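Asker: Sending over a structure as structure tokens; questions will come in a sec.
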Amino acid sequence: MKRLLVLALLLSGCVSPSRTDRDYQLKAGNSAKAVASSVATALLGARAAADHRTGGPYLTVLLVNAEKDALAVQSTFDSVQPPSSTADGLKDQVDELITAATSGLSEMRTLVRRGELAALPGLAQRLRPTLDQLQTFADRYQ
Amino acid sequence: MAGRVRDLALHLLDRQVLDTDGRAVGNVDDVELHVPEDGSPPYVVAILTGPQALGPRLGGLLGQWLVFLSNALARNQDEEPGRIGWELVTDLGSAVTVAKSRVELGVHANEDRAREYLVDRIPGARDAGS
Amino acid sequence: MKSLLKIFLGILTAIGGFVDIGDLVANAVIGARFGLALAWVVVLGVIGICLYADMSGRVAAVSGRGTFDLVRERLGPRMGLANLLASTFVTFLTLAAEIGGVALALELATSVSYLLFVPLVAFGVWIVVWRMPFERMEQAFGILGLCLLAFAVALWQLGPDWSQLLHQAVHPSVPDGEGHPTYVFYAISLFGAAMTPYEVFFFSSGAVEEGWSRKDLRTERLNVYIGFPLGGLLSLAIAGCAAVVLLPQGISVDHLDQVALPVVLSLGKVGFAFLIVGFVAATFGASLETALSTGYSIAQYLGWQWGKRTAPREAARFHAVVLVAIILGAMLILTTLDPVKVTEYSLVFSAVALPLTYFPILVVANDRDYMGESVNGRVVNALGTFYLVLLTVVAIVAVPLMIATKAGQ
């Protein structure tokens, strides 16, 4: 009996449940897209700040919301178990990108709160690759 | 009162009732009919107004709920529906006009309650907007 | 000359008062996602609201009675109650969304959390209803709402490819990567935003309060047929801004700050200032209208004395209902439910309530007992019936679509 159980478990690991994998890919793609939206919003805000188009209060709200959204997406995505080992690799990929995004957003938010708007453009530049990678990922897995 | 025949549903029920100052009293939520013993057709004796009158007419769960709510506000289990005797009706046009003022008619339990417990306690309740 | 000024003011009020939080959110969300591919829905919605607002205004002017009064008389208490419950629920939800909208706008200006503004806003809405002159307040908020023209100016400044935008609008097609159900779902939300029920109640009750008669009908028509379409154009400008700035960046709109982003980028601090004034005016004005509409609809159904012109103690239940509605609306927002989400839901439910709201108006507007010679003409009836069929279809598919697309995910 025990051997049968082990066999069943092994078999279930080998058969790649492609539908669940596909679902997970979509989830990953959607999460990447959502975080990309937050980062893009923040970058546009930074651009507005660099052009002296806006002041502290608006930027603060913008960045706080962007960060909050990205963190929410991250926690939702992390709460889903990857269904297979291939999916595991995907999870690591997305996680890395999202973490880079959320920490960048957090830094921007802190800067604006302190009124150090001058450092924003530099931060934004550093976040740009993350944004591009998120968007590429999202396009791939949609 | 001269016996003019009007379609009850069309010309009387659910009409707005206005008092002698032109203020809204309520709607004709229901009517009280008198059924003569000699078999001649029943005629309207009074207008009934208020949730206690509307509830039973709506019927069903909704109607019961309406009555329940109003009784709860009244803190009185068996409040009677507001009644306006037919003899007070002076005009039957697009609205029903009656001879007395709202205060005199006294069919307004909920309005009086709202006024007494809530509205009058807020400053400026006597000033009309414009 | 004086009447010309009055007409002008009326039109301005109609334009500025057309846009509320529902229009702001819907147009921005959709512009950022579909570009102008749903512009036709705005056009359709504007025609519909013009048609029915004019009808209900005419009914009010000719019969001297408000919509709900007549609904119950003409269709019976049961139908009237169904109408009332549907409309009141939706209007209440809209009221909550508008109060949230004012708070969000104030947050944008000050970075103080919107939750802290909610009680202030609620109190402000109530005090205006309690004490301030009706016509004056409508005009003030309507005209200040014109500051939202910043969207139109911003769109111009952004220098978009107009031919491309026009192409999008005239060739409505589902963009790549979007499903048809999602497209239809958003179309329904946008439609609900353009034709929200409270606009009609407020319009007709306002007409009765101001004592409109037949001779005011021409002014009323001008307000409606010039003001509302221009308001619709403003809606399209909001969508256009989102389409030009947010869509290429893959930004999906979830917050009011994103709605403002295109204006900030192109018009800077000045544009932003106008925008905030416009946001606050539009949403505050709509808060007043929805709060009053809740009171109007219940009071008219039950035959209470209602209105802003009588002293509050003479219309105690009416004012009690308005007060309670405002408090409950504020409380809903204070549960920290995202006001933007509340707005989106209010739009879907608006769409569901539409046929129940508009059907009685069509019936009453055809009733010679009330309207005499001013009953609907054949064209109006044909159009009105077409819209009613459309509204019924929309109402039936709205909720299933919402569930199927997970509210447009």
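The values are calculated or read from the model by the stated rules, or taken from the named source; none is laboratory data. Given the structure is predicted, the values throughout are model-derived calculations rather than measurements. A quick note on method: Cβ atoms are made from the backbone with ideal geometry, for glycine too, and the neighbour counts reach across all protein chains shown. What goes into the accessible areas is simple: the full protein's heavy atoms, side chains included, and nothing from ligands, DNA or RNA. Shrake-Rupley method; radii C 1.70, N 1.55, O 1.52, S 1.80 Å.
Asker: Quickly run through the stretch C:344-378 and pick out the residues that are under 16 Å from C:VAL59 (Cα atoms), acidic (Asp, Glu), assigned to a helix (DSSP H, G or I) and touching a residue at least 40 places away in the same chain (Cβ under 8 Å). Even if it seems obvious, please write down each step before you answer.
Answerer: Here is the first cut: in the stretch C:344-378, the residues under 16 Å from C:VAL59 (Cα atoms) are C:357-377.
Next cut, acidic (Asp, Glu) only: C:367, C:369, C:373.
Adding the requirement that they be assigned to a helix (DSSP H, G or I) leaves C:369, C:373.
Correct list: empty.
Asker: Criterion first (of a type in the set (Ser, Thr, Tyr), farther than 18 Å from C:VAL340 by Cα and either touching a residue at least 40 places away in the same chain (Cβ under 8 Å) or at the interface with chain C (Cβ under 10 Å from one of its Cβ atoms) (or both)) does A:THR60 satisfy it? So that I can check it myself, show each step before the final result.
Answerer: On the way: of a type in the set (Ser, Thr, Tyr): yes; farther than 18 Å from C:VAL340 by Cα: yes; either touching a residue at least 40 places away in the same chain (Cβ under 8 Å) or at the interface with chain C (Cβ under 10 Å from one of its Cβ atoms) (or both): yes.
Considered against the rule, which asks whether it is of a type in the set (Ser, Thr, Tyr), farther than 18 Å from C:VAL340 by Cα and either touching a residue at least 40 places away in the same chain (Cβ under 8 Å) or at the interface with chain C (Cβ under 10 Å from one of its Cβ atoms) (or both), A:THR60 comes out as yes.
Asker: Sticking with this one: Looking only at the stretch C:173-219, which residues are part of a helix (DSSP H, G or I), more than 21 Å from the chain's Cα centre (by Cα) and not polar (S, T, N, Q)? Explain how you work it out, then say what you get.
Answerer: From the stretch C:173-219, those part of a helix (DSSP H, G or I) are C:180-194, C:197-209, C:214-219; that's our starting set.
Still in the list and also more than 21 Å from the chain's Cα centre (by Cα): C:180-183, C:214-218.
Scanning the stretch C:173-219 gives C:HIS180, C:PRO181, C:TYR183, C:ARG214, C:LYS215, C:ASP216, C:LEU217, C:ARG218.
Asker: Can you name the number of the only condition in (1) more than 11 Å from chain C (Cβ to nearest Cβ); (2) in contact with a Lys or Arg (Cβ under 7 Å, 6 or more places away or on another chain) that B:ARG23 fails?
Answerer: (1)
Asker: Residue pairs, Cβ under 6 Å, 6 or more apart or interchain, first in the stretch C:135-163 and in contact (Cβ under 8 Å) with a residue 60 or more places away in the chain and closer than 15 Å to C:LEU261 by Cα, second of a type in the set (Val, Ile, Thr) and buried (at least 18 other Cβ atoms within 10 Å of the Cβ). List them.
Answerer: C:LEU148/C:VAL19; C:ALA150/C:VAL263; C:PHE151/C:ILE238; C:ALA154/C:VAL263; C:LEU158/C:VAL244
Asker: In this structure, is A:ARG140 open to solvent by 60 Å² or more (accessible area, probe 1.4 Å), within 13 Å of another protein chain (Cβ to nearest Cβ) and at pLDDT below 95? Steps first, answer last, please.
Answerer: Working: open to solvent by 60 Å² or more (accessible area, probe 1.4 Å): yes; within 13 Å of another protein chain (Cβ to nearest Cβ): yes; at pLDDT below 95: yes.
Yes.
Asker: Return the residue satisfying two criteria in turn: it lies in the stretch B:9-53 and is open to solvent by less than 20 Å² (accessible area, probe 1.4 Å), aliphatic (A, V, I, L, M) and in a loop (DSSP other than H, G, I, E, B), and of such residues it is modelled with the lowest pLDDT.
Answerer: B:LEU12
Asker: If you don't mind, there's one more thing I want to ask. So A:THR76 ticks every box in (1) open to solvent by less than 60 Å² (accessible area, probe 1.4 Å); (2) within 24 Å of C:VAL253 (Cα to Cα); (3) touching a residue at least 40 places away in the same chain (Cβ under 8 Å) but one. Which box is left unticked?
Answerer: Of the numbered conditions (1) open to solvent by less than 60 Å² (accessible area, probe 1.4 Å); (2) within 24 Å of C:VAL253 (Cα to Cα); (3) touching a residue at least 40 places away in the same chain (Cβ under 8 Å), the odd one out for A:THR76 is (1).
Asker: Condition first: open to solvent by less than 10 Å² (accessible area, probe 1.4 Å) and under 20 Å from C:ILE143 (Cβ atoms). Can you find one or more residues in the stretch C:213-224 that meet it? Give the derivation first.
Answerer: To start, the set of residues in the stretch C:213-224 that are open to solvent by less than 10 Å² (accessible area, probe 1.4 Å) comprises C:220, C:224.
Of the ones still in play, those that are also under 20 Å from C:ILE143 (Cβ atoms) are C:220, C:224.
Yes, the stretch C:213-224 contains a residue that is open to solvent by less than 10 Å² (accessible area, probe 1.4 Å) and under 20 Å from C:ILE143 (Cβ atoms).
Asker: Restricting the stretch C:310-319 to residues that are among the aliphatic types (A, V, I, L, M) and crowded, with 23+ Cβ neighbours inside 10 Å, which is farthest from the other protein chains (Cβ to nearest Cβ)?
Answerer: Out of the qualifying residues, it is C:ALA315.
Asker: Give the residue, chosen from C:LEU217, C:LEU292, C:LEU288, that is within 20 Å of C:ALA96 (Cβ to Cβ), at pLDDT below 95 and in contact with a Lys or Arg (Cβ under 8 Å, 6 or more places away or on another chain).
Answerer: Numbers: C:LEU217 fails: within 20 Å of C:ALA96 (Cβ to Cβ); C:LEU288 fails: in contact with a Lys or Arg (Cβ under 8 Å, 6 or more places away or on another chain).
Just a single option satisfies the conditions, and that option is C:LEU292.
Asker: OK, next. Filter the stretch C:124-169 down to residues that are open to solvent by less than 20 Å² (accessible area, probe 1.4 Å) and within 14 Å of chain B (Cβ to nearest Cβ) and give me whichever is modelled with the lowest pLDDT.
Answerer: Going through the qualifying residues, I end up with C:PHE134.
Asker: For the stretch C:364-409, enumerate the residues that are farther than 30 Å from C:ALA26 by Cα, away from chain B (no Cβ under 14 Å) and aliphatic (A, V, I, L, M).
Answerer: Once the filter is applied, which keeps residues that are farther than 30 Å from C:ALA26 by Cα, away from chain B (no Cβ under 14 Å) and aliphatic (A, V, I, L, M), the stretch C:364-409 yields C:ALA365, C:VAL375, C:VAL379.
Asker: Filter the stretch C:66-76 down to residues that are in contact (Cβ under 8 Å) with a residue 12 or more places away in the chain and within 7 Å of another protein chain (Cβ to nearest Cβ) and give me whichever is surrounded by the most Cβ atoms within 10 Å (Cβ to Cβ). Spell out the reasoning first.
Answerer: Initial filter on the stretch C:66-76 (in contact (Cβ under 8 Å) with a residue 12 or more places away in the chain): C:66-72, C:74-75.
Then keep just the ones that are within 7 Å of another protein chain (Cβ to nearest Cβ); that gives C:69, C:72.
Numbers: C:ASP69: 32, C:ARG72: 28.
Here the answer is C:ASP69.
Asker: Then there's this: Select, from A:ARG140, A:ARG126, the only residue that is out of contact with any Ser or Thr (no Cβ under 7 Å at 6 or more places or on another chain) and in contact (Cβ under 8 Å) with a residue 40 or more places away in the chain. Walk me through it before giving the result.
Answerer: Working: A:ARG126 fails: in contact (Cβ under 8 Å) with a residue 40 or more places away in the chain.
So the residue among A:ARG140, A:ARG126 that is out of contact with any Ser or Thr (no Cβ under 7 Å at 6 or more places or on another chain) and in contact (Cβ under 8 Å) with a residue 40 or more places away in the chain is A:ARG140.
The rows are residues; the columns are (1) more than 12 Å from every other protein chain (Cβ to nearest Cβ); (2) assigned to a helix (DSSP H, G or I); (3) in contact (Cβ under 8 Å) with a residue 12 or more places away in the chain.
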site: C:ARG221; (1), (2), (3): yes, yes, yes
site: C:GLY232; (1), (2), (3): yes, yes, yes
site: C:GLY240; (1), (2), (3): yes, yes, yes
site: C:ASP254; (1), (2), (3): no, no, yes
site: C:ASP257; (1), (2), (3): no, yes, yes
site: C:GLY271; (1), (2), (3): no, yes, yes
site: C:GLY278; (1), (2), (3): yes, yes, yes
site: C:TYR301; (1), (2), (3): no, yes, yes
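Asker: Moving on to the next point. Here is a list of conditions, (1) touching a residue at least 24 places away in the same chain (Cβ under 8 Å); (2) more than 11 Å from chain B (Cβ to nearest Cβ), and C:GLY307 meets all of them except one; can you say which number that is?
Answerer: Looking at each condition in turn, C:GLY307 falls short on (2).
Asker: While we're looking at this one, here's another question. May I ask you to verify whether C:LEU44 is open to solvent by 20 Å² or more (accessible area, probe 1.4 Å), touching a residue at least 24 places away in the same chain (Cβ under 8 Å), out of contact with any strand residue (DSSP E or B) (no Cβ under 7 Å at 6 or more places or on another chain) and within 20 Å of C:GLU199 (Cβ to Cβ)?
Answerer: Working: open to solvent by 20 Å² or more (accessible area, probe 1.4 Å): yes; touching a residue at least 24 places away in the same chain (Cβ under 8 Å): yes; out of contact with any strand residue (DSSP E or B) (no Cβ under 7 Å at 6 or more places or on another chain): yes; within 20 Å of C:GLU199 (Cβ to Cβ): yes.
The answer is yes for C:LEU44.
Asker: I'm checking my understanding of the structure. Among residues of the stretch A:20-33 that are crowded, with 24+ Cβ neighbours inside 10 Å and of a type outside the set (Ser, Thr, Tyr), which one is farthest from the other protein chains (Cβ to nearest Cβ)?
Answerer: Per the criteria, the residue is A:ALA28.
Asker: Among (1) buried (at least 24 other Cβ atoms within 10 Å of the Cβ); (2) out of contact with any Ser or Thr (no Cβ under 6 Å at 6 or more places or on another chain), there is one condition C:GLU98 misses while meeting the rest; what is its number?
Answerer: Looking at each condition in turn, C:GLU98 falls short on (2).
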